[in-house]
Amino acid sequence: MIKLIAFDMDETFMRGKGVYDRARFSRIYAGLQERGIQVLPISGDQYAQIASFFPMADQLTIASFNGSLVHDRGKLVKGSFLPEADIQGALRALKDNHLDKNVMLAGEHYCYFREDTTQDFHDHMDFYFSKFKVLPSFWPLPEQRVAEICLRPPKEQLAEAAAILTEACPDLQVFVSGVGSIDLLLPGVSKGRTLKWLAGKRGIKASEIMAFGDGLNDVEMLKFAGQSYAMLNASDQVKSAAKHVTRYDYCHDGVLDVIEREVVNK
């Protein structure tokens with residue numbers, strides 16, 4: 001019996017930014033509530049952004065920044081924040097190598113950009129992190145705790161930037177995304193580990209979890225969940241990590257189709 005359903009947001013649950021069949025999901029969610037099944041949106045996006053997409057956000061558990069933060073009914077219950085020394089070390093290494101222009105600090109409540117950020121970078125990140133502040137400098141650091149550092153170097157310098165950060169920040173996890181960005185997180189932070197932590201906390205077995213994802217940062221989560229679905233639009237690598245593949249892609253409500261057929265109407 002399924003007790004928890006976890007899903008990635010971008011190109012998995014949503015057709016586009018904030019776009020999904022809200023009426024259909026509302027009906028499905030009511031059915032899940034009747035069965036006592038929990039719902040976990042889990043994404044690399046910021047908490048405020050994810051919550052804004054769900055009218056029932058104050059009833060949900062939401063994992064943001066790839067599992068760095070977990071909010072339950074609006075309250076932070078788990079936070080993985082970067083030590084200030086590591087943040088400073090990363091920013092110094094980027095500045096020394098002239099790679100510090102397009103950098104964002106992902107804080108607990110706000111994301112922070114510098115005033116000299118390019119419009120292209122700002123527009124790209126605004127898709128995922130819309131609650132932000134613009135600062136003249138990152139020195140001194142914002143008072144708010146930082147869960148993640150994101151940067152988007154020139155495409156031809158992506159590998160170089162990742163190597164520089166890996167050497168300069170041995171105590172951080174350097175993750176190169178599939179969209180030309182680099183994320184710096186605490187070691188061990190991932191969607192899969194966060195899902196496993198939450199399941200343990202709530203006494204839920206892996207076999208009682210259904211999970212959906214499309215990206216490489218979903219692989220660990222898909223391998224852990226007993227009923228895991230890679231999206232039809234996912235790469236072969238992601239599909240090989242899941243037990244199933246959805247009938248439809250994210251543009252055609254692949255997640256809602258499976259939940260409706262396999263859980264609510266079964």
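Just a few scattered comments:
- Rg and Dmax over the alpha-carbon atoms of the range 106-149 stand at 10.1, 27 Å.
- Calculated FRET value between Asn97 and Gln144, using beta carbons and R₀ = 35 Å, to 0.05: 0.85
- Surface analysis of the chain yields an accessible area of 45 Å² per residue, using protein heavy atoms and a 1.4 Å probe.
- Charge-dipole axis of the chain as Lys and Arg at +1 and Asp and Glu at -1 on Cβ define it, positive-most pick from Ala106, Val189, Ala6: Ala6
- Kirkwood analysis of the Cα pair distances in the range 155-266 returns a hydrodynamic radius of 15.6 Å.
- Gained length - Ser207 relative to Gln59, 0.36 nm times residue gap less alpha-carbon distance: 50.9 nm
- Computed across the range 1-147, the Kirkwood hydrodynamic radius from all distinct Cα-Cα pairs reaches 16.7 Å.
- R0 of 22 Å, Cβ-Cβ distance Ser240-Val179: FRET efficiency to nearest 0.05: 0.55
- The share of accessible area on the chain that comes from carbon and sulfur is 49 percent, using a 1.4 angstrom probe.
- Amide proton proximity set for Gly107, modelled H, under 5 Å, gap of 5+: Tyr112, Ala147
- Extension gain, Leu135 back to Cys251 (0.36 nm per residue minus Cα-Cα distance, nm): 38.1 nm
- Nearest-0.05 FRET efficiency for Glu156 and Ala85, computed from C-beta distance (R0 25 Å): 0.25
- Helix-only arithmetic for the chain: the sum of -39500 (n - 2.57) across DSSP H runs with n ≥ 4, divided by the residue total, places the mean residue ellipticity at 222 nm at -8500 deg cm²/dmol.
- Sorting the Cα pairs of the chain by distance into bins of 5 Å, from 0 upward, gives 1, 6, 13, 17, 19, 16, 12, 8, 5, 2, 0, 0 percent per bin.
- Pairs beyond 22 Å (Cα-Cα), from Lys78/Lys205; Lys155/Lys191; Lys75/Lys131: Lys155/Lys191
- Rg of the Cα atoms in the range 187-250, relative to 2.2 N^0.38 Å, amounts to 1.07.
- For the range 64-194, taking the reciprocal of the average inverse distance between every pair of different Cα atoms yields a Kirkwood hydrodynamic radius of 14.9 Å.
The values are calculated or read from the model by the stated rules, or taken from the named source; none is laboratory data. All figures in this text were calculated on a predicted structure; none of them were measured in a lab. So basically every Cβ, Gly included, is an ideal-geometry build from the backbone, and we count neighbours across all protein chains shown. Note: areas computed on protein heavy atoms with side chains; ligands, DNA, RNA excluded. Shrake-Rupley method; radii C 1.70, N 1.55, O 1.52, S 1.80 Å.
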